[in-house]
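Derivation of every value follows stated rules applied to the coordinates shown; laboratory data play no part. Please read these numbers as outputs of a predicted model, since none were measured by experiment.
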Ligand SMILES: [Zn+2]
């Protein structure tokens, strides 16, 4: 393939042009476990887990609820608070990859 900035041939799987340093294509966003800002009920831990595991948020909350009660409430609450403290909150503005934007033209 060719660099879309300088037009020189570059490696097929290369993410950067070795000639001009241009970023070729959209690098896949690294998947990180983050607490959700928009989809939270308490601390966004369940929503963050759901996003990370590609599960439904409600399913994760129900699972968390049942696991919490099955384990005697306290461990589940401690785990939630630990997650709240340890898992970083997602940034206010997530970088949107160009490939994910709807084509309107
Ligand atoms: Zn280039």
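Things worth noting here:
- Length-normalised contact order of region 31-91 in % [C-alpha pairs under 8 Å, at least 6 apart]: 38 percent
- Taking the empirical scaling 2.2 N^0.38 Å for compact globular proteins as reference, region 31-91 has a Cα radius of gyration ratio of 1.04.
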